[in-house]
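To keep things clear, I will list the structure first and then write my remarks on it.
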Amino acid sequence: MDISTPPAPGAAADGKPDPRAFKRFADFYPFYLTEHSNRTCRRLHFVGSTLSLACLAMLFATGQPQYLLYGLLCGYGFAWVGHFAFEKNKPASFKRPLYSFMGDWVMYKDIWTGKVPF
């Protein structure tokens, strides 16, 4: 999948597309990929998502509610390190949380299927 800059339906003050301007997830996802062009950032997202799934499995297996917290910490912690330390941008989840959450899982699937490079 191409992760170059998509046409912007709206622009923020810095000239970048404003994530809040997207009306459909299908339009948002190409933008989401441009916000994850750094390979280390994508890899950190992938690791965080995988650990989150493991925590979810532990929640169901043990019934211990702290695994929900651990899953959130893994998912967001790894992703935010990727954005702030490697991608050098703010996570889109700050402006478009639902679409960003959806985008993370679509990107996770796309990495597994080879559509997005790991």
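Descriptive notes on the structure:
- Region 60-108, residues that are within 11 Å of the chain's Cα centre (by Cα) and acidic (Asp, Glu): Asp104
- Hey, Lys109 without any contact (Cβ under 8 Å) to a residue 12 or more places away in the chain and in contact with a His (Cβ under 9 Å, 6 or more places away or on another chain) or not: no
- The residue of region 9-46 that is modelled with the lowest pLDDT, among those that are buried (at least 16 other Cβ atoms within 10 Å of the Cβ) and among the aliphatic types (A, V, I, L, M), is Ala21.
- Index of the failed condition, Ala79 passing every other in (1) aliphatic (A, V, I, L, M); (2) touching a residue at least 12 places away in the same chain (Cβ under 8 Å); (3) over 12 Å from Asp104 (Cβ atoms): (3)
- Residue in region 63-86 that is modelled with pLDDT of 95 or more and polar (S, T, N, Q) present: yes
- Region 14-32, subset touching a Gly at 6+ places or on another chain (Cβ under 8 Å) and part of a helix (DSSP H, G or I), residue nearest to Trp80 (Cα to Cα): Tyr32
- Qualifying position, being in a loop (DSSP other than H, G, I, E, B), surrounded by fewer than 16 Cβ atoms within 10 Å (Cβ to Cβ) and modelled with pLDDT under 95, among Lys90, Lys115: Lys90
- Scanning region 76-94 for any residue that is in contact with a Ser or Thr (Cβ under 7 Å, 6 or more places away or on another chain) and of a type in the set (S, T, N, Q) turns up at least one such residue.
The values are calculated or read from the model by the stated rules, or taken from the named source; none is laboratory data. The model shown is predicted, which means the values in this text are computed figures rather than measured ones. Here Cβ is always computed from backbone atoms with ideal geometry, including for glycine, and neighbour counts include all displayed protein chains.
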